[in-house]
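For reference, the structure discussed in these notes is given below.
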Amino acid sequence: MSLSEISERIRAAEAQAERAPGSVRLVAVSKVQPEERVRAVLEAGHRIFGENRVQEAEARWTPFREEYPDVELHLVGPLQSNKVRRAVEFFDAIHTIDRERLARRIADAAEAVGRCPALFIQVNTGREPQKAGVDPDELADLLAACRGFGLTIEGLMCIPPIDEDAAPHFRLLAELAGREGLSGLSMGMSDDFETAIAAGATHVRVGSAIFGARPPQR
Ligand SMILES: *Cc1c(COP(=O)(O)O)cnc(C)c1O
């Protein structure tokens, strides 16, 4: 697969769903990929990338940003409280708010730093005990807390259970966003981004289908 093939499939899925061309943004998830693969995608003109760890993202993207200042970086992995300030300084979007304490820290950091990334709340649509994300029943309270801290939430994000059909999870996320008046939907990965687009995704997070299989992670 390649960046241009994935972009074509996104355009086709938009058309199929009768959505405006370009209404879906492709976040190319470059976590743990070798540098030369990431450079190839930059050279092909892509500028929106996702990483799942703050420290690794800083190490890789600080030099790349000197060459490509218009790169947009999205944090798609869990955020630890002690890395919030760095994440707020470094990323253009954070997709993984899932608790009130984290939201409060983000609000404090945004005030201190003078900038705030675009923010998404991660929802545990499958209610999996080991998985990050707020329970769907607790979303309204978390959203109210975020707004109380002065944060603007752009949308919702989910990672469906690995062994289930993703479509009902995408539909649930879209329904929750609609109910809460949120326009952003970060959902869909390499194996299911077209299904996510059919359900209304505004941001698809695609890694291995663009870059190739990831080297084994620690
Ligand atoms: C790794 C990752 C992706 C990309 O996964 P692929 O299956 O390689 O497309 C998307 N979202 C999150 C949160 C990830 O951690």
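Laboratory data are not the source of any read-out in this text; all were calculated from the coordinates shown. As the structure is a prediction and not an experimental result, all values here were calculated from the model. For neighbour counting, all protein chains shown are included, and Cβ atoms are generated from backbone atoms with ideal geometry for every residue, glycine included.
Some notes on this structure:
- Cα-projected label distance for residue 12 with residue 140, points at 7 Å along beta-carbon direction, nm: 4.1
- Ordering 187, 157 from the fewest to the most neighbouring beta carbons within 10 Å gives 157, 187.
- Residues with amide H under 5 Å from that of residue 135, placed H, sequence gap 5 or more: 124
- Paramagnetic label reach from residue 115 (point 7 Å along Cα→Cβ; backbone nitrogen cut-off under 20 Å): within the range 134-166, residues 151-155.
- Projecting the Cα positions of 63, 187, 78 onto the charge dipole of the range 63-218 (unit charges on Cβ atoms of Lys, Arg, Asp and Glu, taken about the Cα centre) puts 63 furthest along the positive direction.
- Stokes-Einstein D for the chain, Kirkwood Rh over Cα pairs, 25 °C, 0.890 mPa s (µm²/s): 140
- Our coupling estimate for the range 26-36, obtained by passing each phi through the Karplus curve with A = 6.51, B = -1.76, C = 1.60 and θ = phi - 60°, is 9, 9, 7, 7, 9, 3, 6, 7, x, 4, 5 Hz, Gly and Pro reported as x.
- A simple spin-label model places the labels of residue 48 and residue 132 1.9 nm from each other, with each point 7 Å out along Cα-to-Cβ.
- Charged-residue dipole, Cβ positions (Lys, Arg, Asp, Glu), the range 3-210 about Cα centre, Debye nearest 20: 500
- A Förster distance of 22 Å, applied to the separation of the beta-carbon atoms of residue 36 and residue 89, puts the FRET efficiency at 0.20.
- The range 158-218-the range 1-48 distance, computed between alpha-carbon centres (Å): 14
- For the pair residue 19 and residue 214 in one chain, pulling the backbone fully straight at 0.36 nm per residue adds 67.1 nm over the alpha carbon distance.
- For residue 72, nonlocal amide neighbours, meaning residues 5 or more places apart or on other chains whose placed amide H falls under 5 Å from its own, are 48, 49.
- Peptide packing: for 197-208, 13-24, the average count of neighbouring Cβ atoms within 10 Å per residue gives the ranking 197-208, 13-24, highest mean first.
- Modelled this way, with points 7 Å down the Cα-to-C-beta line, the labels at residue 183 and residue 163 are 4.0 nm from one another.
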